[in-house]
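A.B. asks: For reference, the structure I am asking about is given below.
The values are calculated or read from the model by the stated rules, or taken from the named source; none is laboratory data. Everything numeric here is computed off the predicted structure, so don't read it as measured data. Heads up, the Cβs are rebuilt from the backbone with ideal geometry, glycines too, and the neighbour counts pull from every protein chain shown. Remember, those area values only see protein heavy atoms, side chains included, never the ligands or the DNA or RNA. Shrake-Rupley method; radii C 1.70, N 1.55, O 1.52, S 1.80 Å.
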Amino acid sequence: MAYSGGAMVAAPAALSLLLVISAAVHGRPAPRQARAAVAARASAARPAPGSALERARVLLAQVKRDPAKRRYRHQWERAIAALERAARGRDAGPALLEAARARYALYRYSQVEADREAALRLAQRARKAGAREAGAFAAAVKEEMGEEEPAPKAKRGRGAARGQGATATASAASSTTTSTATAGPTATATAAAPAATAAGGAGGRGAAEESDEEPSTDPALREALRGAEGGEAAGPARVSEVKSWSNGDYTRIAVYLSRQVPFTKEEIPAEGALPRRLALDLKPASLAGGLAHPVGDALVQRVRAAQRGEDTVRVVLDLAGRDDLAIFQLDDPPRLIVDVGVREARRDAQAAARRADASAPAEAAPAAEAAPEARTAHAEPEQAAARPVRRVVVDAGHGGHDTGAIGPSGVREKDVTLAMARRLAARLRARGFEVVLTRDADRFVPLEERTAIANAHHGDLFVSLHANAHPRRDRRGLETYVLDVADDRYARRLAARENGALDDGAEEGQEVRRILTDLDAQSSAAASRRLAETVQREVGQGVRSRVGDVRDLGVKSALFYVLLGARMPAVLVETSFISNRVEERRLASARFQDEVAAGVTRAVERFAARGPRVAAR
């Protein structure tokens with residue numbers, strides 16, 4: 001009876017369609033009833049205006065489009081939960097497929113394996129509910145993971161399975177929702193481990209990993225990421241906040257925006273009682289409220305902003321001297337960075353100290369802890385070109401609500417990097433170096449603040465420690481980076497993850513080169529590469545001899561925000577792949593952490609033994 005009832009419903013619709021075709025062939029107008037039936041069938045796949053699915057899609061689009069929202073995990077979770085609630089009746093398949101794509105997009109930001117696993121489970125539910133594209137999406141995700149399977153062929157006709165209830169929910173395996181901001185969406189370490197294991201492991205080589213060439217993103221995955229690049233598409237940017245970091249001869253100012261917009265700059269010389277000023281006009285932009293940020297150091301007196309016309313915000317820095325400026329933009333969150341220094345007024349007064357440092361012989365390695373008074377309180381960065389390496393700034397990647405990548409078993413990058421940084425600091429101090437940690441606890445430190453700390457403390461070297469992650473679970477190995485235009489798409493994608501952004505596959509262009517030129521990054525590029533090569537060699541040899549085999553991925557370059565503006569040789573070390581199960585276990589072990597620290601210490605000693613370092617201006 002049910003079948004015949006179904007046929008009775010289907011037959012008039014089919015007859016109406018035939019009538020429309022026949023009418024078109026014979027040039028006669030189609031009957032009104034037939035046209036209405038075809039229109040009804042054409043709109044069946046679209047959610048009704050104001051439906052739960054339509055509202056959930058709007059919510060997800062808002063999260064993807066707004067850089068401020070997409071940095072909060074709870075915003076993604078809210079949109080995904082709305083899509084799952086909308087999975088009812090004929091909307092079940094499309095809603096679950098949208099939820100799977102959203103969960104995958106979240107994974108690309110968070111690098112939390114549990115998010116990708118949840119995306120696969122949602123895709124399975126969507127496929128059972130009749131979403132034909134769900135199979136191709138799941139196959140693309142598995143292929144990206146290194147668990148390749150042939151993409152399912154689209155079924156013909158109306159025989160796809162429909163209405164089969166699915167009991168698994170994404171929330172059962174997803175990470176605990178939080179409401180804190182992060183450089184990339186975060187999750188707790190209790191996420192369920194994926195069912196599949198890494199194909200490669202630390203001792204073997206998967207077939208795909210011999211080549212580091214980054215494959216282009218599958219169209220099914222690009223669809224999931226669509227709309228999640230860049231900032232808000234329209235409307236003026238909101239200028240919301242100003243922060244500053246400084247010491248006596250260096251100041252960094254960060255102006256936070258809702259999205260990137262063009263800006264022009266104007267340097268206004270001192271006149272009468274008015275100080276020298278830097279004026280930045282952002283357009284189109286609006287001011288979120290009154291903005292006045294006192295700095296009060298020797299370089300910048302204050303920062304203020306005002307609405308200048310309907311669509312322009314002018315940000316003014318009241319400057320105290322004639323110091324050089326560097327201005328550049330960073331993304332996710334969008335912000336405009338101004339570096340101020342070095343104070344020319346101090347140069348003559350400290351010439352004698354520079355000459356004294358220049359005449360001192362280079363040290364193979366400091367024999368004892370460098371006394372604070374051995375360094376003038378306001379040593380100019382130019383002086384550093386004539387002094388030996390004494391002070392090392394050690395940066396533990398991520399921290400606080402920014403967990404970094406989370407491995408298949410729940411090991412968090414922020415915990416691993418902090419443990420390695422503490423071990424490295426202890427070893428360096430034991431060898432007589434002075435050490436500054438950008439963080440010595442589980443706290444969040446913005447990327448722009450980390451470099452500011454290094455500059456403000458007059459570091460001689462900057463070493464940032466990280467754990468790598470990749471969609472392919474068989475990726476493994478050690479690599480060290482310096483600041484420059486990315487070597488390849490893989491390096492761009494890695495830098496995007498560490499920068500808290502989403503790689504859209506675009507080539508780096510003139511804007512990147514302009515940033516590097518403005519920062520005079522090449523002035524310490526050779527020294528940075530020499531340090532990176534020494535770190536790569538020493539850490540690799542140490543791990544290989546005391547822990548086990550490690551793949552040498554070499555020294556590479558990319559635009560890492562944490563290295564931007566560093567006025568000393570600076571490197572970023574990706575110690576191992578936390579996304580690989582075997583290397584995840586290594587990263588969590590004290591033995592591996594200590595060997596990384598020992599290798600970096602040997603590298604710093606060897607670098608210092610070659611003579612005084614060459615720093616940026």
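A.B. asks: For the range 235-340, with all protein chains present and a 1.4 Å probe, just round the carbon and sulfur fraction of the accessible area to a whole percent.
C.D. replies: Roughly 49 percent, rounded to a whole number.
A.B. asks: Listed highest first by mean packing, meaning other Cβ atoms within 10 Å per residue, what order do 331-340, 83-92 come in?
C.D. replies: Order by mean packing, descending: 331-340, 83-92.
A.B. asks: Which Cα, out of Tyr72, Ala99, Gln62, lies furthest along the positive dipole direction of the range 52-143 (beta carbon charges, K/R +1, D/E -1)?
C.D. replies: After comparing all options, I get Gln62.
A.B. asks: Can I ask one more? Using a 10 Å cut-off on Cβ atoms, rank the peptides 594-600, 279-285, 222-228 from the highest mean neighbour count down.
C.D. replies: 594-600, 279-285, 222-228
A.B. asks: Another one. So for the pair Arg429, Arg308, with labels modelled 7 Å out along Cα→Cβ, what separation do we get in nm?
C.D. replies: Placing both labels 7 Å along Cα→Cβ, they lie 4.8 nm apart.
A.B. asks: On full extension of the chain, what length is gained from Glu54 through His457, given 0.36 nm per residue of separation minus the C-alpha to C-alpha distance?
C.D. replies: Working it through step by step, the gained length comes to 139.8 nm.
A.B. asks: What whole-number value in Å² describes the accessible area per residue of the range 235-340 for a 1.4 Å probe?
C.D. replies: 41 Å²
A.B. asks: Oh, and also: With all protein chains present, how much of the accessible area of the range 436-485 (probe radius 1.4 Å) comes from carbon and sulfur, to the nearest whole percent?
C.D. replies: Carbon with sulfur: 52 percent of the solvent-accessible area.
A.B. asks: If you don't mind, another one. What whole-number value in Å² describes the accessible area per residue of the range 52-143 for a 1.4 Å probe?
C.D. replies: 33 Å²
A.B. asks: Let me ask something additional. Determine the shape class of the range 235-340: with a ≥ b ≥ c the square roots of the Cα gyration tensor eigenvalues, call it rounded for a/c under 1.5, and otherwise prolate if a/b is greater than b/c, oblate otherwise.
C.D. replies: Prolate is the answer for the range 235-340, as a/c is 1.5 or above and a/b outweighs b/c.
A.B. asks: Accessible area of the range 52-143 with a 1.4 Å probe: how many percent of it is carbon plus sulfur?
C.D. replies: Carbon with sulfur: 44 percent of the solvent-accessible area.
A.B. asks: What does the charge dipole of the range 235-340 about its Cα centre add up to, to the nearest 20 debye, if the Cβ of each Lys and Arg holds +1 and the Cβ of each Asp and Glu holds -1?
C.D. replies: In debye, rounded to 20, the range 235-340 gives about 260.
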